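Let me begin by presenting the structure, written as structure tokens, before commenting on it.
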Amino acid sequence: MSDILKIDGFDKAIIGVQEGIQPRLVYDLWKMVDILKEDMSEEDALDHISYNITGAYVGESTPVIVDTERTLEQIEMD
């Protein structure tokens, strides 16, 4: 098993581990935003996460980021 990858600076946003052949850390998007909002606006935090974190694929051990606030209905409306 390879090492589990962490996103630097976001340990407090970890909400679990995705089980499987290659376990991956699971992060709460909105906890990540809260961490970044110490230094930037919410909009800038979301842009930063989208561009610099969710857009980076580093293999099978890439961490998972979960939007814990959107409902199925909201997703279907997008």
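The values are calculated or read from the model by the stated rules, or taken from the named source; none is laboratory data. What you see is a predicted model; the values in this text were computed from it and never measured. Note that each Cβ is placed from the backbone with ideal geometry, even for glycine, and that neighbours are counted across all protein chains shown.
Listing for the model above:
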| item | result |
| --- | --- |
| Single residue of the range 57-69 satisfying the filter (touching a helix residue (DSSP H, G or I) at 6+ places or on another chain (Cβ under 9 Å) and of a type in the set (D, E, K, R)) that is farthest from residue 25 (Cα to Cα) | 69 |
| Tally of residues being more than 17 Å from residue 15 (Cβ to Cβ) and either out of contact with any Leu (no Cβ under 8 Å at 6 or more places or on another chain) or small (Gly, Ala, Ser) (or both) across the range 30-58 | 16 |
| Matching residues, the range 26-78, being hydroxyl-bearing (Ser, Thr, Tyr) and out of contact with any Ser or Thr (no Cβ under 9 Å at 6 or more places or on another chain) | 27, 41, 50, 51, 54, 57, 62, 68, 71 |
| Complete set of residues in the range 22-54 that are of a type in the set (Ser, Thr, Tyr) and part of a loop (DSSP other than H, G, I, E, B) | 41 |
| Subset of the range 22-49 (residues that are at pLDDT 95 or above and of a type in the set (S, T, N, Q)) | 41 |
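Each row is one residue, and each column tells you yes or no for (1) closer than 17 Å to residue 66 by Cα; (2) among the charged types (D, E, K, R).
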site: 11; (1), (2): yes, yes
site: 15; (1), (2): yes, no
site: 22; (1), (2): no, no
site: 25; (1), (2): yes, no
site: 30; (1), (2): yes, no
site: 41; (1), (2): no, no
site: 45; (1), (2): yes, no
